[in-house]
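*Asks:* This structure is in structure tokens; I'll ask about it shortly.
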Amino acid sequence: MSKYGDGSFAEKQGGGEALHVASSNNLGQVIDGTISLDANHQLQRGLKSRHIQFLALGGAIGTGLFVGSGGILATVGPAPLWLAYLSMMLLVWIVMNCIAEMCTYLPLRGITLPYFTERFVDASLGFAAGWNYWYAYAILVAAEATAGAILLNYWDTPVPTWAWITIILVVNLVLNIIAVEVFGEAEFWFASIKFLTIMGLIIVGLVIMLGGGPSHQRLGFHYWNDPGAFKEYLAPGATGRFAAYWTAFIRAGFSFITSPELIGLAAGETVAPRRNIPKAARRFLGRLTIFYGISSLIVGCIVPSDNKNLLSGASDASASPWVIGIQIAGISGLNHVINAAILTSAWSAGNAFLYSGSRILYSLAQSGQAPAIFTRTTRRGVPYTAVLMTWAFSLLAYLNVSNNGAQVFTWFSNLSTISGYIGWIVLLITFLRFRQALRVQGLLATLPFKTPGQPYAAWFALVMLIILTLTNGFPVFVNWNYKDFLAAYITLPAFLALYFGHKMWYRTPFHKPAHEIDVLTGKKEMDDMCANDVDPVPKNWLEKIWFWIA
């Protein structure tokens, strides 16, 4: 890196000279050749606190919890299901904290998380991470559309599956193409329905467990005894029970994949980012505890793991364990209401993933790592070409027409889970390099938001995620199936091919010394912008409650 007389920095990156401008006098400048500080050349800051909090909530509560948990329960039993979600919650909380620290420090408009990877680690790793994320989000849109079709089949309507998939995808496209405020508002209400649904389900589940259902049978932990808390997996005894837990741990990742990143991706379009991003991050663990810790425990108590309607290769219709539990309890009518509410969760998650994938593609195009056509935006700041391309990739959901819906859902969940794990590994590496650069350059004290246990927590999560990634397909080595093997591992060589291909083409260095990592460019502008932010003052107790919630 060389310093010029005008206070700017130039660094060779991605095969070309990228200008890092450190001066704060000209807000029209461009940093890293991609990110403009000019308000007239950026995406719109239209997302409020309630928008980004419910955006993360919407991504965290999806069909992985409402539908996918049934598949885990059927495979390994209730105890591994609950323990797996508790274990995954810890890793997700750490990943969320790492993202929040970086995005609160530099909440630049137009940035995405792979931009931080390119800036703090390596251009080749940022390139591979960007395309990996785009692929994951596009697959997730398809997965949510497939789950929606499964849920709609519960009513055995005469409408063909392809028509339901079309309706789901078209609604997601419309909500994403109009304006970011429309997307944010739609996601807020979608996530609100999810919030009310999961809270209602927890209450209903507790009532059923305590004998408040029509049969007045006090279930408690009955199903943990019969058919049992653990279903030994692949082997008998303690080995089988551990394999059951580890399988559940791996598969639980699908419920959380890319949900922490949603806040990071929205940071550049968020009002008062240094107030609202930490607020959302702090509350993330508490919400995960309620939504996943408690609900995964209840699911295993109201539905026996040997129920034939749980998600499997032989069952589509009653895939949600919540609906099955309500049916078993004999509560008439409520199963239809719950299934409809769960359907909105598929719509909401697909909506959020389409938003995120399009912003990743937009950022890749800005940095010259994707065709320039994807930088085009509407007058309202929506990158419509990137939205259309991401949406087009999600048309893979139509595989559901010629295959078993549960099988297609499993393929998509496996593909997106491994891709998400790779994304988290890259994020943790990026965070550790970011932290080291701040420490070496004596800037660690300038972090506006610090989270507990760092950087040790990040190291712990990194090691765990590497192990999960390498072992995610271990059952195929016991019962060989080439389709499952490809779904489990095809993303790894694809990611490595992107990384090494970019590195050989541009001959980028493998290591960037911590003292040369640019952690200053754009910081002054963000400090000035956030200095004008004023905390809202509630006028009455109702506003005080609302400000605390949103």
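The values are calculated or read from the model by the stated rules, or taken from the named source; none is laboratory data. All figures in this text were calculated on a predicted structure; none of them were measured in a lab. Every residue, glycine among them, receives a Cβ derived from its backbone with ideal geometry; neighbour counts consider all protein chains shown. Surface accessibility is based on the protein's heavy atoms, side chains included, excluding ligands, DNA and RNA. Shrake-Rupley method; radii C 1.70, N 1.55, O 1.52, S 1.80 Å.
*Asks:* Run the numbers for A163 and N225: contour at 0.36 nm per residue of separation, minus the present Cα-Cα distance, in nm. Don't skip to the answer; put the middle values down first.
*Replies:* Values: separation 62, 0.36 × 62 = 22.32 nm, distance 4.27 nm.
Result for the pair: 18.0 nm of gain on full extension.
*Asks:* For a Förster distance of 45 Å, can you work out the FRET efficiency between the beta-carbons of L210 and W480, rounded to the nearest 0.05?
*Replies:* Working: r = 45 Å, r/R0 = 1.01.
Computed FRET efficiency for L210 and W480: 0.50.
*Asks:* Got a sec to turn the phi values of the range 359-366 into Karplus ³J(HN,Hα) couplings, 6.51 cos²θ - 1.76 cosθ + 1.60 with θ = phi - 60°, whole Hz, x for Gly and Pro?
*Replies:* Calculated HN-Hα couplings, in order: 5, 5, 5, 4, 5, 4, 5, 4 Hz.
*Asks:* Note down the net charge around A244, summing +1 for each Lys or Arg and -1 for each Asp or Glu among other residues with Cβ under 15 Å from its Cβ. Spell out each step's value before the answer.
*Replies:* On the way: positive: K231, R241, R251; negative: E232, D306.
In short, +1.
*Asks:* Using the structure shown, select from K279/K524; K279/K539; K194/K483 the pairs with a Cα to Cα distance greater than 31 angstrom. Show your work: numbers first, answer last.
*Replies:* Details: K279/K524 22 Å; K279/K539 20 Å; K194/K483 33 Å.
From K279/K524; K279/K539; K194/K483, over 31 Å: K194/K483.
*Asks:* Right, here's the next one. Carbon and sulfur: what percent of the range 119-246's accessible surface (1.4 Å probe)?
*Replies:* Roughly 71 percent, rounded to a whole number.
*Asks:* Still on this model: Ordering W411, W189, W541, W155 by how much accessible area each has at a 1.4 Å probe, largest first, what is the list? Please list the in-between numbers first.
*Replies:* On the way: W411 55, W189 150, W541 170, W155 85 Å².
Ranked from most to least accessible, the order is W541, W189, W155, W411.
*Asks:* Now for a different question. Take the alpha carbon atoms of the range 204-258, find their center, do the same for the range 458-512, and report the distance between the two centers in whole angstrom.
*Replies:* Result: 30 Å between the Cα centres.
*Asks:* Using the heavy atoms of the protein chains and a 1.4 angstrom probe, tell me the accessible area per residue for the range 367-481 in square angstrom.
*Replies:* Details: 5120 Å² over 115 residues.
The answer is 45 Å² per residue.
*Asks:* I've got another one for you. What length, rounded to one decimal in nm, is gained on full extension from Q217 through to M504, with 0.36 nm per residue of separation minus their alpha-carbon distance? Present the calculation step by step, with values, prior to reporting the outcome.
*Replies:* Details: separation 287, 0.36 × 287 = 103.32 nm, distance 6.59 nm.
96.7 nm is the gain from fully extending Q217 to M504.
*Asks:* Between L334 and A531, how high is the FRET efficiency from 1/(1 + (r/R0)^6) when r is the Cβ-Cβ distance and R₀ = 51 Å? Nearest 0.05.
*Replies:* Values: r = 51 Å, r/R0 = 1.01.
Efficiency for this residue pair is about 0.50.
*Asks:* Separate question: Just subtract the alpha-carbon distance of T446 and A235 from 0.36 nm times their residue separation and send over the number in nm, one decimal. Don't skip to the answer; put the middle values down first.
*Replies:* Working: separation 211, 0.36 × 211 = 75.96 nm, distance 5.22 nm.
Here the segment from T446 to A235 would lengthen by 70.7 nm.
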